Structure formats: C-alpha cells, structure tokens
Amino acid sequence: MTNTTRILAALLVGLAPAAGAAVGSEPPSPAAEEVPVHIETCRGAMDELGKALKARLLAAMADGGPGGALSVCSEEAAAIADSVGSARGLLVGRTSLRTRNPRNAPDDWERGILLDFAARREQGEKISDLDAWTFESDEDGHRTFRYMRAIVTAPPCLECHGHDLAPEAAAGLAELYPEDTAIGFAVGDIRGAFTTSLPLLD
C-alpha cells in the first residue's frame, strides 16, 4: 500500500494522516475526494517534466557527452520546469538531500519528507511507492497543495551522478557547481524527489 493510499484511507475513516504526510499550518481537513484530483494534477506535471528533461539530457549526451548534459542542467532545466508548471498552474521542480544546484535545496517540509523517504526505503518500500502530500495555508487563509514523489537513480544518471565520473564530467561539475554534493549514487538509489506546489482557489 502506497503512502498516498494509506493517507486517503485514514481520511475516509476519520483518522489522522499517516506518517509522511507532514501538515503545514493545520488548515481545515480537506474532503477526501479533493486529494486524488490534486495528486493527479501534480503527477502530470512531474511526468511531463521528467520526460522533457530526459529527452533533452539524452540528446545532449549523444551530441556532446557529459559536458552537453551538464549544459542542459545549468542552462535549460529551470526554464523547462517553469514552462511545465506555468501550463498547469503550479510550481514544479526537483530537490534532494544531496543537491547539485543550491537553488534546489529543500525547505523544511521537503527535507522532512526526503528523510522519511530514506527511512521508508530502508524498511523495504519500493521507490515507486514513495510519495507524500500536505495542505498549507498562509496568514490570509489561501491554501496550497504540496506533493512530492521520489526519483530513482537510473543507469544514464550515473554519467554525472555516479561514483566514477569521466574526467570531462568531473571538470564540468567543478566549474559549474563547485558546491556539488550530488555524486556517488548507484542505480536504484533515491536521487531526490520531484516537488510541486499547487495554489488552490477556495
């Protein structure tokens, strides 16, 4: 049973959300039927972003090796994420406990969820089942739905995120991301997570 399924089951029987669904500022409990719709919207943005980035990275890798892929990350990734998010009315991006770009560092909620993902993974959960959500409200009562889903390290990721980097990749990382900590991953590791924020019209 996924984290999302557990939380929905808890809502339906009037229980508190399961672990992993950290609550922001304690807004009124949402209707259970509201959550799957928001999750679908957020997952759609994540899937679109993942496919777009993968396509550009593979094409750049074919044309220019690891250096080409690093150029996509440094020059295009943010714009691709902004475009995907704007088309769907939300913010979508990536974060990790071991970031490459400091701008992708997790906030407090994201960090807590990433740590929870790591703990759940150690307990045997599949990475594909690792997700979490929450509702947050600002001081004016405006709600935002936030959703995260873990990213698994795939073989192509090792070119720039693995243990034994090619000299070109290592040199490019040192130049573009001197504070990089997003290396040393193996296939199947949690590399980070997609994260979304969906403003709600109440």
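The values are calculated or read from the model by the stated rules, or taken from the named source; none is laboratory data. Computed from a prediction, not measured in an experiment: that's the story for all the values here. For neighbour counting, all protein chains shown are included, and Cβ atoms are generated from backbone atoms with ideal geometry for every residue, glycine included. All accessible areas refer to the heavy atoms of the entire protein, side chains included, with ligands and DNA or RNA removed. Shrake-Rupley method; radii C 1.70, N 1.55, O 1.52, S 1.80 Å.
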*Which pairs have Cβ atoms under 6 Å, sit 6 or more apart or on different chains, and link a residue in the stretch 166-180 that is assigned to a loop (DSSP other than H, G, I, E, B) to one that is open to solvent by 70 Å² or more (accessible area, probe 1.4 Å)?*
none
*asked:* Residue under question is R56, and the condition is that it be among the basic types (K, R) and over 14 Å from the mean Cα position of the chain (by Cα); does it hold?
replied: yes
*Residue list for the stretch 153-188, filter: surrounded by fewer than 16 Cβ atoms within 10 Å (Cβ to Cβ) and either among the β-branched types (V, I, T) or in contact with a strand residue (DSSP E or B) (Cβ under 8 Å, 6 or more places away or on another chain) (or both)*: T181, V187, G188
_I'd like to verify a number: residues in the stretch 89-135 that are under 23 Å from G184 (Cβ atoms), outside any loop (DSSP other than H, G, I, E, B) and more than 14 Å from the chain's Cα centre (by Cα), how many?_
5
*Considering only residues that are part of a strand (DSSP E or B) and open to solvent by 10 Å² or more (accessible area, probe 1.4 Å), look in the stretch 136-148 and name the one that is nearest to R94 (Cα to Cα).*
R146
*Selected residue [in contact with a Cys (Cβ under 7 Å, 6 or more places away or on another chain), of a type in the set (V, I, T) and either over 16 Å from R98 (Cβ atoms) or touching a residue at least 12 places away in the same chain (Cβ under 8 Å) (or both)] from T196, T144, T153*: T196
*asked:* For the stretch 54-91, give me each residue that is closer than 12 Å to P156 by Cβ, touching a residue at least 24 places away in the same chain (Cβ under 8 Å), open to solvent by less than 40 Å² (accessible area, probe 1.4 Å) and among the aliphatic types (A, V, I, L, M).
replied: A69
*Do we have P30 as over 18 Å from S197 (Cβ atoms) and at pLDDT below 95 here?*
no
_Residue satisfying condition, being touching a residue at least 12 places away in the same chain (Cβ under 8 Å) and surrounded by fewer than 18 Cβ atoms within 10 Å (Cβ to Cβ), within set R43, R100, R94_ = R43
